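Chemist: My questions all concern the structure below.
The values are calculated or read from the model by the stated rules, or taken from the named source; none is laboratory data. Fair warning: this is a prediction, and the values are worked out from it, not measured in the lab. Quick reminder, even Gly has a Cβ in these numbers, built from the backbone with ideal geometry, and neighbours come from all protein chains shown.
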Amino acid sequence: MSRGPGRSGLATAAALALAGALLYLPSLRAGLVWDDHEYVLADDGRHLAAALHGDLIGSASPAHGPAGYYRPVAVASFGLVHRAGGAGAHHAVSALLHGLTAGLLFLLLRTRLGGAASVAAALSALAWAALPASVETVAWISARYDLLTGLLAVLFLLVPGGTGFRGAALSGLLFLAGLLSKESFLAVAAVVLADDWAASRSPRSAAPRWLAVAAATLAWIGLRLAFDVPAPRPGPAADLPANGLALFSSWLGRVLLPWPLTVSHPFPAPGGAGLLPLAGAGLAMAALLALPLRRRDLAPAVALLLAPLVPAALAAGRLGEAPDRYLYLPTLGLAWLVAAGLAALRDRSRGAFAAAAAALAAVAIVQAVLVLRRLPDWRSDDALFAAAARVDPANPVGAPYLAVAAVRAGRVDEALSLLRRSQESHPGAGRVASVLAWIHLRQGDAPAALEQSRRAVALLPGSPEARIYLSNALHLAGDHRGEVAEAAAALRLSPSYRPARVVHALSRCEVERTPACEEELDAMERQGIVTGADALVLRVQAAVARGDGSAVDRLARLRQLHPRDPRIPALERAAGGAGPR
């Protein structure tokens, strides 16, 4: 191992950091896309304060309910950058974080492989910085969590193990910061184990760092318990081996043949990825696991590549998606192995090393071109989901967005056709079923709305939005007790979800037919959640739902105070019976 980077090493690291950041310079002209609207700048960033001591998804988007995402380091970065500027500032920070990780990766590789491997380390770090599969992580503001885990993992590994309590304390702080950036950072513990084994550290020498890692993990668990953040919901553990192999196969394909990439690639069910790709992935994984038996010093690199695939496979099995951002941390392990291979080749044949180095440099250039070609896809929602449709018209993330846009433009048949095609191709996509339910509710088609909303609830049992769609479908079908039950289930999942509170109150009125059913509406008015014309409309709907004659008086008051409210005609038609939501 090298003692220190020296001036030339630091200069190379700085140059790589600059190159990695400049590659993403075009992203500074991009805006907010996809989840950015909800999780980065929703309510002008006001939800970020709540997310510092609670579930990020539940705080920013009550419609999705709690997801167990406690990520205050990433959330704090969102808040700080929000004060400095808009989307451009966020993109600049993401580009800088990626560039910094590339520069530090070079220092890590040079330290672990020795100063003689500087060229191999630099080329590997450069190729890593230009990986097209990293575009989603860097160009999408909401992927800040993955950017931070990559940066913190490299920083953590740069701290020498077995150097006493001062180094261990720094390791513990970095490990805690990683856990508070994204839960999957816990996989880095496997890298610590591999690192100690590779260095033949005695238990006494390894103990300080392990104590620091354990303390950081306990602090992370304690914070989650203190703030009542639920545990993330992984996919079935029994499917982990098959899902892990399928994810590894997908990962290899996107690294080796990175075009075309798309939004949140649909994840194949176990056994659905194809026998040949799975067999190839299985052989590659076996070779990686056997590598440390010949090169013990590469055990941490193998662990860094494979260990993060475990939480990624659990998440992919639950979500039915395998997004590119899940690959960011494993690709650091791949860069380490590539650098080690180049360094080994240098010791055997200078000519072969020169040819391999030139080939890797050419690969980095081609990758950079592909990155620049893909960056415009992330400039806006329309561009992103149109690009997804070009790769796969049935993409289960892009299709719902495009379908909603088509419905709002009056092209309902086009939306239904797109979603049905997506559902046939990806039957496990809960979001597709959810949007189909929404469309059928708008059309008043109770049987179709019931079918799709029940499917959405089965696929997304933790989604308050899916439960409300089912509640409204039951309302159309006349099953008011079922309607109350589903609205109550949505409220249990997300007590702050406004539609759940409204639907629960109105459905109670249909069942109980007493003034007490309006208690929830009273509370919402006191809290300022519903005001003005919205509050009066809800009062009219509540009176209509319970068949109370006060609906006429309430409607008259609405006409008097808000004579141009577009909902008045529908309320007038509903005044004699149960009205629509």
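Here is a yes/no grid of residues against (1) over 25 Å from residue 314 (Cα atoms); (2) among the aliphatic types (A, V, I, L, M); (3) in a helix (DSSP H, G or I); (4) out of contact with any His (no Cβ under 6 Å at 6 or more places or on another chain):
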position: 172; (1), (2), (3), (4): yes, no, yes, yes
position: 177; (1), (2), (3), (4): no, yes, yes, yes
position: 186; (1), (2), (3), (4): no, yes, yes, yes
position: 190; (1), (2), (3), (4): no, yes, yes, yes
position: 194; (1), (2), (3), (4): no, yes, yes, yes
position: 197; (1), (2), (3), (4): yes, no, yes, yes
position: 212; (1), (2), (3), (4): yes, yes, yes, yes
position: 220; (1), (2), (3), (4): no, no, yes, yes
position: 225; (1), (2), (3), (4): no, yes, yes, yes
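Chemist: Which one of these is assigned to a helix (DSSP H, G or I) and modelled with pLDDT of 80 or more: 100, 48?
Modeler: Of 100, 48, the one residue that is assigned to a helix (DSSP H, G or I) and modelled with pLDDT of 80 or more is 100.
Chemist: Return yes or no: is residue 238 among the hydrophobic types (A, V, I, L, M, F, W, C), part of a helix (DSSP H, G or I) and at pLDDT 85 or above?
Modeler: Working: among the hydrophobic types (A, V, I, L, M, F, W, C): yes; part of a helix (DSSP H, G or I): yes; at pLDDT 85 or above: no.
No; evaluated as a whole, the condition is false for this residue.
Chemist: Take residue 65 and decide whether it is of a type outside the set (A, V, I, L, M, F, W, C), crowded, with 24+ Cβ neighbours inside 10 Å and assigned to a loop (DSSP other than H, G, I, E, B).
Modeler: yes
Chemist: Give the residue that is modelled with the highest pLDDT, with candidates limited to residues of the stretch 312-327 that are out of contact with any Leu (no Cβ under 7 Å at 6 or more places or on another chain) and in a loop (DSSP other than H, G, I, E, B).
Modeler: Result: 323.
Chemist: Also: Restricting attention to the stretch 538-556, does a residue exist that is in contact with an Asp or Glu (Cβ under 8 Å, 6 or more places away or on another chain), within 30 Å of residue 59 (Cα to Cα) and buried (at least 16 other Cβ atoms within 10 Å of the Cβ)?
Modeler: Yes, the stretch 538-556 contains a residue that is in contact with an Asp or Glu (Cβ under 8 Å, 6 or more places away or on another chain), within 30 Å of residue 59 (Cα to Cα) and buried (at least 16 other Cβ atoms within 10 Å of the Cβ).
Chemist: Give me the pairs, please: first residue somewhere in the stretch 434-457 and of a type in the set (Phe, Trp, Tyr), second residue anywhere and part of a helix (DSSP H, G or I), beta-carbon distance under 7 Å, and either six or more positions apart or on two chains.
Modeler: 438/469
Chemist: Is there a residue being more than 26 Å from the chain's Cα centre (by Cα), within 24 Å of residue 25 (Cβ to Cβ) and not β-branched (Val, Ile, Thr) anywhere in the stretch 406-422?
Modeler: Within the stretch 406-422, none of the residues are more than 26 Å from the chain's Cα centre (by Cα), within 24 Å of residue 25 (Cβ to Cβ) and not β-branched (Val, Ile, Thr).
Chemist: Among the residues in the stretch 469-480, are any in a helix (DSSP H, G or I) and at pLDDT below 90?
Modeler: There is at least one residue in the stretch 469-480 that is in a helix (DSSP H, G or I) and at pLDDT below 90.
Chemist: Of the residues 94, 59, which is polar (S, T, N, Q), modelled with pLDDT under 85 and either more than 27 Å from residue 362 (Cα to Cα) or assigned to a helix (DSSP H, G or I) (or both)? Spell out the reasoning first.
Modeler: Working: 94 fails: modelled with pLDDT under 85.
On inspection, the qualifying residue turns out to be 59.
Chemist: Mind checking whether some residue in the stretch 546-567 is under 22 Å from residue 485 (Cβ atoms) and among the aliphatic types (A, V, I, L, M)?
Modeler: No, the stretch 546-567 has no match at all.
Chemist: Considering only the stretch 14-41, state which residues are outside any helix (DSSP H, G or I) and modelled with pLDDT of 95 or more.
Modeler: 24
Listed here are the residues, each with its yes/no results for (1) under 20 Å from residue 115 (Cα atoms); (2) of a type in the set (A, V, I, L, M); (3) crowded, with 22+ Cβ neighbours inside 10 Å.
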residue: 287; (1), (2), (3): no, yes, no
residue: 300; (1), (2), (3): yes, no, yes
residue: 311; (1), (2), (3): no, no, no
residue: 339; (1), (2), (3): yes, yes, yes
residue: 345; (1), (2), (3): yes, yes, no
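Chemist: Kindly indicate which of 389, 358 is modelled with pLDDT under 95 and hydrophobic (A, V, I, L, M, F, W, C).
Modeler: Answer to the selection: 389.
Chemist: In this structure, does residue 264 turn out to be at pLDDT 85 or above and either crowded, with 18+ Cβ neighbours inside 10 Å or touching a helix residue (DSSP H, G or I) at 6+ places or on another chain (Cβ under 9 Å) (or both)?
Modeler: no
Chemist: A follow-up question, please. Name the residues in the stretch 557-577 that are charged (D, E, K, R) and either surrounded by 13 or more Cβ atoms within 10 Å (Cβ to Cβ) or in a helix (DSSP H, G or I) (or both), would you?
Modeler: Step one: of the stretch 557-577, the residues charged (D, E, K, R) are 557, 559, 564-565, 567, 572-573.
Scanning the stretch 557-577 gives 557, 559, 565, 567, 572, 573.
Chemist: Now a separate question. Within the stretch 71-88, is there a residue that is touching a helix residue (DSSP H, G or I) at 6+ places or on another chain (Cβ under 7 Å) and assigned to a loop (DSSP other than H, G, I, E, B)?
Modeler: Yes, that holds for at least one residue.
Chemist: Checking the structure you have, find out if any residue of the stretch 214-222 is within 24 Å of residue 145 (Cα to Cα) and touching a Gly at 6+ places or on another chain (Cβ under 7 Å).
Modeler: yes
Chemist: While we're on this one: Among the residues of the stretch 488-529, how many are over 29 Å from residue 230 (Cα atoms) and not basic (Lys, Arg)?
Modeler: The qualifying residues number 12.
Chemist: Sticking with this structure for a sec: Only one of these is among the acidic types (Asp, Glu), surrounded by 14 or more Cβ atoms within 10 Å (Cβ to Cβ), touching a helix residue (DSSP H, G or I) at 6+ places or on another chain (Cβ under 6 Å) and touching a residue at least 60 places away in the same chain (Cβ under 8 Å): 483, 510, 525. Name it.
Modeler: That would be 510, the only listed residue that is among the acidic types (Asp, Glu), surrounded by 14 or more Cβ atoms within 10 Å (Cβ to Cβ), touching a helix residue (DSSP H, G or I) at 6+ places or on another chain (Cβ under 6 Å) and touching a residue at least 60 places away in the same chain (Cβ under 8 Å).
Chemist: Let me ask you something else. Which of the helices (runs of 4 or more DSSP H) found entirely inside the stretch 328-403 contain at least 1 residues meeting this: over 30 Å from residue 290 (Cα atoms) and of a type in the set (Gly, Ala, Ser)?
Modeler: Answer list for the stretch 328-403: 350-374, 381-391.
Chemist: Then there is this: Going by the structure shown, is residue 415 over 23 Å from residue 498 (Cβ atoms), surrounded by fewer than 21 Cβ atoms within 10 Å (Cβ to Cβ) and touching a helix residue (DSSP H, G or I) at 6+ places or on another chain (Cβ under 9 Å)?
Modeler: No.
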